[in-house]
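**Student:** Before anything else, here's the structure in question.
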Amino acid sequence: MKREIVKQLQRIVGKDYLTTAPEELLCYSYDGTGREFPPEAVAFPADAEEISAIMRLANAALFPVVPRGAGSGMTGGSLPVAGGVVLSLSRLNRILEIDEANQIAVVEPGVITGDLRKTVAKRGLYYPPDPASLKFCTMGGNVAECAGGPSAVKYGVTRDYVLGLEVVLPDGRIVQTGVRTAKGVVGYDLTRLFIGSEGTLGIITRITVRLIPHPGAKKTFLILCSSISQAATLVAEILTRHRPCTLEYMDRTAIRIVRDKLPFALPEGTEALLLLEVDGDAPGVGIQAAALQEFLAARSDLLAVRQADQAAEIDALWTARRAVSPAAFSLQPHKISEDVVVPRSRIPELVLFVESLAAEHDLTIFTFGHAGDGNIHVNIMLDKSQSRQVSHAEMATRALLERVIRLGGTLSGEHGIGITKAAFLPLELDAASLAVMRGIKNFFDPNNILNPGKIFPAA
Ligand SMILES: Cc1cc2nc3c(=O)[nH]c(=O)nc-3n(C[C@H](O)[C@H](O)[C@H](O)COP(=O)(O)OP(=O)(O)OC[C@H]3O[C@@H](n4cnc5c(N)ncnc54)[C@H](O)[C@@H]3O)c2cc1C
């Protein structure tokens, strides 16, 4: 990057908030994919005005700008694949307002999701989206990816809670979208356009979210199954009769890699588990839990059903569930993570297909995730130094994604497309839809300076 541009960036954000030191650039070269693309500089702007000035400079001097939250993305969205400046949103980290009367919160994008959830809970309010990364991912990253989590089965995903945004456009203009009201239909829904746009259409600098009353009570069950098809079939049966707030699934390999974190001993032959919760007010939860116990007690084929009563047990169960993704690296040094979604009734077919793929390609492939939404994380483990494993993992990935589309599913439920899934986009989107999407990107960002190289397959 030219010295003159570095100087101009320093003038905008201040000398202390721009770095070109190689050891610091390295820290901003990675995300959850483990791939590495070093930026030429990292800027830490203080507000929307500074970001606007950076975007005007980027348009004049034509260098890429890549927004970055916590860098926990699983598809390479925050990686500077074409070099340029990484724009860290870490200084925009304030919860600006909690309006209890209207049940909304206004936050800056660098706020950690878990911190917002904890802060509003102290006022009896609830912000439901709970990605497993909630202790470190940011609200800006969640909006840009439309993150979901275990509670989506009852409460929906980030999109369902965002009322409005402040966004710096690639040309530096600052726009306010959406409303602070329960309803609003004025003009096109720009808020929804930016949600899930993976940092390619604008930089989100302020987020207004809807809150709901805190459900208060919760009961947690662990259901141990003797086969993955038993667990997968049970998911559909549970959802026709009950309304859990979470219904998570782990296969035997996922269980094995976090077994030491689980608070209960597992019976011999445990091949899959379901982590299920019901929530609401205390009497309502009691009724839901009793109905569920009755339903599960009638299933003599299940290996065991445990209810977690102690806070420590519940914490341990969630610690184990959230540890699955990072613990995968105890199996192999590399992983291809797919977060496909199928209609819930097709989950049994999907998990059995994954088992057959693993056998066919002689790879470790395991599944876990948000079974209640049909959102199954498929993890293809490999060692990239083994060329045979690489080629088989690539074949298995394509076969998986093709099967998901045939099952009436979608390529990504919450991780987005980024760089890792771009090549597969035409499996799901027709040529006309892709052309419209490229047109939208071109309208917002004709110079292709904001997060280039993401979402769209190479032309
Ligand atoms: C262990 C683990 C568990 C995970 N579990 C889940 C899960 O349960 N559910 C789920 O949905 N995801 C999950 N993820 C993926 C990841 O945490 C989410 O995608 C999260 O939303 C990313 O937030 P971030 O702050 O890390 O964003 P980053 O990774 O920094 O960025 C993600 C994308 O958002 C863009 N972006 C970031 N901030 C802004 C902004 N202010 N304006 C515009 N664009 C922006 C970036 O350019 C990039 O394209 C998990 C990841 C890990 C590592």
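**Student:** Is there a quick way to get the dipole size of segment 157-260? I mean about its Cα centre, with the Cβ of Lys and Arg at +1 and of Asp and Glu at -1; what is the value in debye to the nearest 20?
**Tutor:** Using Cβ point charges on Lys, Arg, Asp and Glu, segment 157-260 gives about 380 debye.
**Student:** Magnitude of the Cβ-charge dipole of the chain, K/R +1 and D/E -1, about the Cα centre, nearest 20 debye?
**Tutor:** With only Lys, Arg, Asp and Glu charged at Cβ, the dipole is about 600 debye.
**Student:** With a sphere of radius 14 Å drawn around the Cβ of I417, what net charge do the other residues whose Cβ falls strictly inside it have (Lys, Arg +1; Asp, Glu -1)?
**Tutor:** With Lys, Arg at +1 and Asp, Glu at -1, the net is -3.
**Student:** If the only charges are +1 at each Lys and Arg Cβ and -1 at each Asp and Glu Cβ, what is the size of the charge dipole of segment 331-406 around the Cα centre, to the nearest 20 debye?
**Tutor:** 100
**Student:** Now for a separate question. If a/c stays under 1.5 just call it rounded; otherwise compare a/b with b/c (prolate if a/b is bigger, oblate if not). Do that for segment 311-383, with a ≥ b ≥ c from the square roots of the Cα gyration tensor eigenvalues.
**Tutor:** The shape class here is oblate.
**Student:** Can you give the relative contact order of segment 217-327 as a percent, counting alpha carbon pairs under 8 Å and 6+ residues apart?
**Tutor:** Taking the mean separation of contacting Cα pairs over the length of segment 217-327, I get 45 percent.
**Student:** Counting only C-alpha contacts under 8 Å and six or more residues apart, can you give the relative contact order of the chain as a whole percent?
**Tutor:** With pairs under 8 Å counted, the relative contact order is 15 percent.
**Student:** Provide C137, C225 in ascending order of the number of other Cβ atoms located within 10 Å of each residue's Cβ, fewest first.
**Tutor:** So the ranking, lowest neighbour count to highest, is C137, C225.
**Student:** Okay, moving on. Once the dipole of the chain is set up with Lys and Arg at +1 and Asp and Glu at -1 on Cβ about the Cα centre, which of L275, A298, V106 lies farthest towards its positive end?
**Tutor:** Final value for the positive-end residue is V106.
**Student:** If you bin the C-alpha pair distances of the chain every 20 Å from 0, what whole percents do you get?
**Tutor:** Once binned at 20 Å, the Cα pair distances of the chain give 24, 55, 20, 1.
**Student:** For T397, T270, what ranking results if the residue with the fewest other Cβ atoms within 10 Å of its Cβ goes first?
**Tutor:** T270, T397
**Student:** Would you tally the net charge around I51, using a Cβ to Cβ cut-off of less than 14 Å, leaving I51 out, and scoring K and R as +1, D and E as -1?
**Tutor:** Once all neighbours under 14 Å are counted, the net charge is -1.
**Student:** Distance between the C-alpha centers of segment 287-358 and segment 1-39? Whole Å please.
**Tutor:** 40
**Student:** Scan the chain and report its longest stretch carrying no GluC sites (Glu not before Pro) that are both in a DSSP loop and have at most 13 other Cβ atoms within 10 Å.
**Tutor:** It runs 269-459.
**Student:** Summing Lys, Arg as +1 and Asp, Glu as -1, what charge do residues with Cβ under 15 Å from the Cβ of L450 carry, L450 excluded?
**Tutor:** Neighbourhood net charge equals +3.
**Student:** Sorted by average packing, counted as other Cβ atoms within 10 angstrom per residue and highest first, what order do 77-84, 302-309, 260-267 take?
**Tutor:** Peptide ranking by packing, descending: 77-84, 302-309, 260-267.
**Student:** Then there's this: Hey, how many Å between the Cα centroid of segment 180-239 and the Cα centroid of segment 89-141?
**Tutor:** Their Cα centres are 14 Å away from one another.
Laboratory data are not the source of any read-out in this text; all were calculated from the coordinates shown. Note that the structure is predicted; figures quoted are calculated from it, not measured. Virtual Cβ from ideal backbone geometry, glycine too; neighbours counted across all protein chains shown.
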